[in-house]
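The values are calculated or read from the model by the stated rules, or taken from the named source; none is laboratory data. Please read all numbers here as calculations on a predicted model, not as lab measurements. All Cβ positions, glycine included, derive from the backbone under ideal geometry; neighbour counts span all protein chains shown. Heavy atoms of the whole protein, side chains included, go into the accessibility calculation; ligands, DNA and RNA do not. Shrake-Rupley method; radii C 1.70, N 1.55, O 1.52, S 1.80 Å.
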Amino acid sequence: GFHKAGKCTCGEPGEQHDVAGTAFGLLPFLGAGQTHKRGRYRRTVARGLEYLLSQQKPEGKFSDNAYENALGTTAVCEAYGLTKDRRLLAPAQAAVNFIVGAQHAEGSWGYSPGQKGDTSVSGWQFSALKAGHYAGLTVPPATFARVGGFLDLVADPGDLGYGYNTRGAGRATSATGLLCREYLGWGPRHPVVAKGIAQLLQPQNSVTKDKPSIYFVFYATQVMHHAGGAAWDAWNPKVRDLLVEIQD
């Protein structure tokens, strides 16, 4: 409902996904160190977390939608990691366990538990599990290892990036795959990571005011930030200023 409440110039608001919207709303607070335990916005964060927990099902998921569930999981795991609030431990671990159990044998995640999936859905699930891992929750090492196996299946033969569910090098899927590789321990000097980043920085992949490609920016910015150095120096000023410019 933000297009109404915010009186913005947004176009079609799309489907209603309050779990995802609440998670996206919470993550900037948490990223700034604002939690339900400390900061100016304690009550706001607490209310957001209360809503997410009210939506959690007995099996640990927040939503039947895989994207939405991953976002809810990420937010709750981040909140637990920042505060170590024991009241969040069981819900956060249950959410992690659900995603672990939903992984396909080949390493991807799909729209339903156990379904063979794609790079897009898998990137969100993997990010949620990494948030849980960094928060001190239990994630089986084999789960992360299988992600590497899936990435091998969709990797471009020339190491230019990653495809959706077959070999390729789409702009957004490549950024998603590279972030996963970084989380799996591949550093900026790894030849595949270095070549993939160089490809993302090519002029044809530049984002513009007319075509900002927010999904691509979300993943590519994290890739460049983790890599640091020249990649981050080339990416950050341009994209940062663009995002400020196009904010409603």
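For Lys238, are the conditions met, namely being part of a helix (DSSP H, G or I), in contact with a Ser or Thr (Cβ under 9 Å, 6 or more places away or on another chain), open to solvent by 60 Å² or more (accessible area, probe 1.4 Å) and more than 30 Å from Leu82 (Cα to Cα)? So Lys238 passes the test. Taking the conditions exactly as written (more than 17 Å from Ala135 (Cβ to Cβ), touching a residue at least 40 places away in the same chain (Cβ under 8 Å) and touching a strand residue (DSSP E or B) at 6+ places or on another chain (Cβ under 7 Å)), does Gly117 satisfy them or not? Yes. On the stretch given as the stretch 212-235, residues that are open to solvent by 60 Å² or more (accessible area, probe 1.4 Å) and of a type in the set (Val, Ile, Thr) total 1. Can you tell me which residue is nearest to the chain's Cα centre (by Cα) among those in the stretch 140-167 that are closer than 25 Å to Ile197 by Cα, aliphatic (A, V, I, L, M) and not in a loop (DSSP other than H, G, I, E, B)? Per the stated criteria, the residue is Val147. Once the stretch 11-42 is narrowed to residues that are aliphatic (A, V, I, L, M) and part of a helix (DSSP H, G or I), the residue that is nearest to Phe62 (Cα to Cα) is Val19.
I'd like to know if the stretch 179-190 contains one or more residues that are open to solvent by 30 Å² or more (accessible area, probe 1.4 Å) and of a type in the set (Ser, Thr, Tyr). For the stretch 179-190, residues open to solvent by 30 Å² or more (accessible area, probe 1.4 Å) and of a type in the set (Ser, Thr, Tyr): present.
Can you confirm whether Tyr219 is among the aromatic types (Phe, Trp, Tyr), touching a residue at least 40 places away in the same chain (Cβ under 8 Å) and part of a helix (DSSP H, G or I)?
Working: among the aromatic types (Phe, Trp, Tyr): yes; touching a residue at least 40 places away in the same chain (Cβ under 8 Å): yes; part of a helix (DSSP H, G or I): yes.
When the stated conditions are applied, Tyr219 passes them.
On the stretch given as the stretch 9-43, residues that are of a type in the set (Ser, Thr, Tyr) and open to solvent by less than 70 Å² (accessible area, probe 1.4 Å) total 2.
Answer yes or no as to whether Val96 is touching a Ser or Thr at 6+ places or on another chain (Cβ under 8 Å), of a type in the set (Val, Ile, Thr) and either buried (at least 22 other Cβ atoms within 10 Å of the Cβ) or modelled with pLDDT of 95 or more (or both).
Values: touching a Ser or Thr at 6+ places or on another chain (Cβ under 8 Å): yes; of a type in the set (Val, Ile, Thr): yes; either buried (at least 22 other Cβ atoms within 10 Å of the Cβ) or modelled with pLDDT of 95 or more (or both): yes.
So Val96 fits the description; yes.
For the stretch 168-189, the candidate set comprises residues that are touching an Asp or Glu at 6+ places or on another chain (Cβ under 9 Å) and part of a loop (DSSP other than H, G, I, E, B); within that set, the residue that is farthest from Val121 (Cα to Cα) is Pro188.
When Lys209, Lys195 are checked against the criterion of being open to solvent by 70 Å² or more (accessible area, probe 1.4 Å), of a type in the set (D, E, K, R) and in a helix (DSSP H, G or I), a single residue qualifies: Lys195. Residues that are within 15 Å of the chain's Cα centre (by Cα) and farther than 18 Å from Thr208 by Cα within the stretch 223-238 comprise Val223, His225, His226, listed in sequence order. The set of residues in the stretch 103-127 that are more than 22 Å from Tyr162 (Cα to Cα) and buried (at least 18 other Cβ atoms within 10 Å of the Cβ) is empty. The number of residues in the stretch 32-65 being without any contact (Cβ under 8 Å) to a residue 12 or more places away in the chain and not basic (Lys, Arg) comes to 8.
Does Leu137 fit the bill of being part of a helix (DSSP H, G or I) and either out of contact with any strand residue (DSSP E or B) (no Cβ under 6 Å at 6 or more places or on another chain) or of a type outside the set (Gly, Ala, Ser) (or both)? Taking the combined requirement at face value, the residue does not satisfy it. Evaluate the following for Tyr67: is it open to solvent by 20 Å² or more (accessible area, probe 1.4 Å), aromatic (Phe, Trp, Tyr), assigned to a helix (DSSP H, G or I) and closer than 24 Å to Thr119 by Cα? Yes, satisfied.
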